[in-house]
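Q: Provided herewith is a single structure, encoded as structure tokens, for subsequent inquiry.
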Amino acid sequence: MKIICIGRNYKEHIRELNNTVPDEPVIFMKPDSALVPKHNPVFLPPFSNNIHYETELVLRINKLGKAIPAERATEYFDTIGLGLDLTARDLQQKLKSKGLPWEKAKAFDFSAVVSETFLPVSDFKNLNDIHFSLKINGKTVQKASSADMIYDFAQLIAHISRYFTLRTGDLIYTGTPAGVGTLHRNDLLEGYIEDKLMFKKRVK
Ligand code: ZN
């Protein structure tokens, strides 16, 4: 399986990192070795002093598709989970300033937290208004709705599948809202979709 991530999909987050609004979705990938195993904590890697959390709604692809039209895109996922796209922000700034790819800052081992449970699409009244949030040590640090996305799920799937065949089990991280920040040892991370606790992880 592969993990496809979307960058710069929420205006307030683009602003907080001084980036510009893209004229098409920004795509990058993580290998399957980036997934944090079920019972593992989040480990801070030794090559960075600034690992950022980015809380994101995650779509799980449930059938094979290529060049999927936006009108049919919602047929290609039937569950939604919550994840963290962990980012070595210091390393990413360095790579960006040299115009180099982001992989080392984005796709390293255990850079992808994902909830064990995925919620059926049928649980949601409106896919374009799903609320989600992250608490660190009990304090809410990110809180947003899929309504705030620049490109919605259907547009993302249509765009991604022009370039990459989607297969069952692939995950799409749909971008993070504002409020990203640095993780510290012993932080307790709790991710929510609406009022459902989706994951609870300790930072080590
Ligand atoms: Zn992200």
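Q: Collect the residues in segment 45-61 that are more than 18 Å from the chain's Cα centre (by Cα) and either more than 16 Å from the ligand (Cβ to nearest atom) or free of Cβ contacts under 8 Å to residues at least 24 places away in the same chain (or both), keeping them in residue-number order.
A: Result: PRO45, PRO46, PHE47, ASN49.
Each row is one residue, and each column tells you yes or no for (1) in a strand (DSSP E or B); (2) away from the ligand (no atom under 16 Å from the Cβ); (3) at pLDDT 95 or above.
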| residue | (1), (2), (3) |
| --- | --- |
| LEU82 | yes, no, yes |
| LEU91 | no, no, yes |
| LEU95 | no, no, yes |
| GLY99 | no, yes, yes |
| PHE110 | no, no, yes |
| LEU134 | yes, no, yes |
| THR140 | yes, yes, yes |
| ALA147 | no, yes, yes |
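Q: Answer yes if at least one residue in segment 9-23 is away from the ligand (no atom under 16 Å from the Cβ), over 18 Å from PHE132 (Cα atoms) and either at pLDDT 95 or above or assigned to a helix (DSSP H, G or I) (or both), and no otherwise.
A: Checking segment 9-23: not a single residue is away from the ligand (no atom under 16 Å from the Cβ), over 18 Å from PHE132 (Cα atoms) and either at pLDDT 95 or above or assigned to a helix (DSSP H, G or I) (or both).
Q: I would also like to ask the following. Quick check, is THR176 within 16 Å of the ligand (Cβ to nearest atom), of a type in the set (Val, Ile, Thr) and part of a loop (DSSP other than H, G, I, E, B)?
A: Values: within 16 Å of the ligand (Cβ to nearest atom): yes; of a type in the set (Val, Ile, Thr): yes; part of a loop (DSSP other than H, G, I, E, B): yes.
Yes.
Q: Considering LEU35, LEU44, LEU57, LEU17, which residue is more than 16 Å from VAL113 (Cβ to Cβ) and of a type in the set (A, V, I, L, M)? Give the derivation first.
A: Working: LEU35 fails: more than 16 Å from VAL113 (Cβ to Cβ); LEU44 fails: more than 16 Å from VAL113 (Cβ to Cβ); LEU57 fails: more than 16 Å from VAL113 (Cβ to Cβ).
Result: LEU17 is the single residue among LEU35, LEU44, LEU57, LEU17 that is more than 16 Å from VAL113 (Cβ to Cβ) and of a type in the set (A, V, I, L, M).
Q: Another one. For segment 108-134, enumerate the residues that are crowded, with 18+ Cβ neighbours inside 10 Å and charged (D, E, K, R).
A: none
Q: Counting only residues that are surrounded by 20 or more Cβ atoms within 10 Å (Cβ to Cβ) and closer than 14 Å to ILE160 by Cβ, how many does segment 69-94 have?
A: Summing the residues that are surrounded by 20 or more Cβ atoms within 10 Å (Cβ to Cβ) and closer than 14 Å to ILE160 by Cβ in segment 69-94 gives 3.
Q: Is it the case, given these coordinates, that LYS38 is basic (Lys, Arg), away from the ligand (no atom under 16 Å from the Cβ) and over 20 Å from ILE6 (Cα atoms)? Spell out how you get there, then give the answer.
A: Working: basic (Lys, Arg): yes; away from the ligand (no atom under 16 Å from the Cβ): yes; over 20 Å from ILE6 (Cα atoms): yes.
Spelling it out, LYS38 is indeed basic (Lys, Arg), away from the ligand (no atom under 16 Å from the Cβ) and over 20 Å from ILE6 (Cα atoms).
The values are calculated or read from the model by the stated rules, or taken from the named source; none is laboratory data. Nothing here was measured: the structure is a model prediction, and the numbers come from that model. Heads up, the Cβs are rebuilt from the backbone with ideal geometry, glycines too, and the neighbour counts pull from every protein chain shown.
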